[in-house]
1. When E59 is evaluated against the numbered criteria (1) in a helix (DSSP H, G or I); (2) surrounded by fewer than 18 Cβ atoms within 10 Å (Cβ to Cβ), which criterion, by number, is the only one it fails?
2. Among the candidates I99, I72, which residue alone is at pLDDT 80 or above, assigned to a loop (DSSP other than H, G, I, E, B) and of a type in the set (A, V, I, L, M, F, W, C)?
3. Out of the residues in region 220-240 meeting the condition of being under 19 Å from K89 (Cβ atoms) and surrounded by 12 or more Cβ atoms within 10 Å (Cβ to Cβ), tell me which one is modelled with the highest pLDDT.
4. Give me the pairs, please: first residue somewhere in region 131-152 and within 16 Å of G202 (Cα to Cα), second residue anywhere and modelled with pLDDT of 95 or more and among the aromatic types (F, W, Y), beta-carbon distance under 8 Å, and either six or more positions apart or on two chains.
5. Do the conditions hold for I91, that is, is it among the β-branched types (V, I, T), part of a loop (DSSP other than H, G, I, E, B) and under 22 Å from I181 (Cα atoms)?
6. Does region 154-180 hold any residues that are surrounded by 24 or more Cβ atoms within 10 Å (Cβ to Cβ) and more than 15 Å from the chain's Cα centre (by Cα), and which are they?
7. Being at pLDDT 95 or above, surrounded by fewer than 17 Cβ atoms within 10 Å (Cβ to Cβ) and of a type outside the set (A, V, I, L, M) is the requirement here; does K143 meet it?
8. Condition (residue is more than 30 Å from Q73 (Cβ to Cβ), in a loop (DSSP other than H, G, I, E, B) and modelled with pLDDT under 95) applied to region 166-188: is it met by at least one residue?
Amino acid sequence: MKNSLLKSSMLVVSIFTLIGCGSTSNDAGTGTDGGDNPPASSELSQDLKDAITYMYSEEGLAHDVYLNIYKIQSTVNQLENIATNSETKHIQAVNELAIKYDLNITKYPDTEAPYSTDDLDRYGSGEYPVEPIQELYNLLYDKGIQSEKDALEVGCMVEVVDIDDLDEFIEYAERDNASGILATFNFLRDGSYTHYWAFDKGLKNKGVADGCCSLEPALGHNFCHPEYPQKEKGKGKDSH
C-alpha cells in the first residue's frame with residue numbers, strides 16, 4: 001500500500017509538468033474468501049482492507065474525472081461511455097466488498113470503522129477521503145479540460161494508475177487466498193485494460209500515431225503498455 005501512495009504522490013508532481021506543456025505487508029489474513037462463509041473483516045489482512053478502501057476512491061476518481069472533463073470536452077465520447085457504462089459498475093463492485101467486510105471506505109486508513117452510507121453521502125463528485133487520490137483528481141481535471149488530446153491522455157493515465165495499483169492488490173489477494181476479492185480486482189483490471197485501448201485508439205484517431213505511448217513516463221508510472229491484453233471487438237462485458 002505504501003508503494004501505491006508513493007506512486008500516486010510522485011505522479012501528482014509529474015502532472016504539473018504535463019499541464020504546463022499544454023507497502024508495508026501484514027500476514028494476518030489466513031482465511032479464505034469464497035463460498036457461503038467469507039471471512040469477517042478481522043480475518044482480512046490490513047493490506048486487503050486498505051486495498052478495498054483505496055480502490056473505492058480510485059474507481060470514483062475515474063468515474064468523476066471522466067464525466068467532469070466531458071462537460072468541457074463533450075466531443076470525447078469515450079469519457080462519458082466509460083464512466084456511465086463501466087466505472088459505475090466498478091464502484092459498485094468495490095462497494096459490495098466494503099459492505100461484505102463492514103469497512104468504512106470513507107475513513108481511510110481507519111478501515112475498522114463500520115460501513116456507513118451516511119458517510120458516503122457526504123462526498124460529492126470529485127471529493128475523496130484518500131488524500132493522494134484527491135490531489136490526483138484535481139491535477140488530472142486541470143489537464144483534461146485543456147483540449148481533446150489532453151482529455152484522452154488523462155484517460156491513458158488513469159487506467160495505467162489503476163492497473164499498476166491493482167497489480168499490487170491482486171498479489172495481496174492471491175497471497176491471502178481471498179478468492180472473492182481476487183475476482184473483483186481481476187474484474188476491475190480487465191476493465192482498465194479495455195479502457196486503456198479505447199483511449200489509445202482515440203488518440204490515434206486524432207493523429208497521435210503512438211497513442212498512449214506518446215506520453216512521457218511520469219515518476220513511478222510508464223504509460224506505454226503494448227503488452228496489455230485486448231479483447232476482440234464485440235466481446236467482453238466491460239463497455240468502452
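1. (2)
2. Working: I99 fails: assigned to a loop (DSSP other than H, G, I, E, B).
Of the residues listed, the single one that is at pLDDT 80 or above, assigned to a loop (DSSP other than H, G, I, E, B) and of a type in the set (A, V, I, L, M, F, W, C) is I72.
3. Looking at the filtered set, the residue picked out is K231.
4. A151/Y70; L152/F199
5. Details: among the β-branched types (V, I, T): yes; part of a loop (DSSP other than H, G, I, E, B): no; under 22 Å from I181 (Cα atoms): yes.
Criteria not met by I91.
6. Selection gives Y172, A173, D176, A178.
7. On the way: at pLDDT 95 or above: yes; surrounded by fewer than 17 Cβ atoms within 10 Å (Cβ to Cβ): no; of a type outside the set (A, V, I, L, M): yes.
No: the conditions fail for K143.
8. no
The values are calculated or read from the model by the stated rules, or taken from the named source; none is laboratory data. In this text, all values refer to a predicted model and were calculated from it rather than measured experimentally. Every residue, glycine as well, gets a Cβ built from its backbone with ideal geometry; the counts of neighbours run over all protein chains shown.
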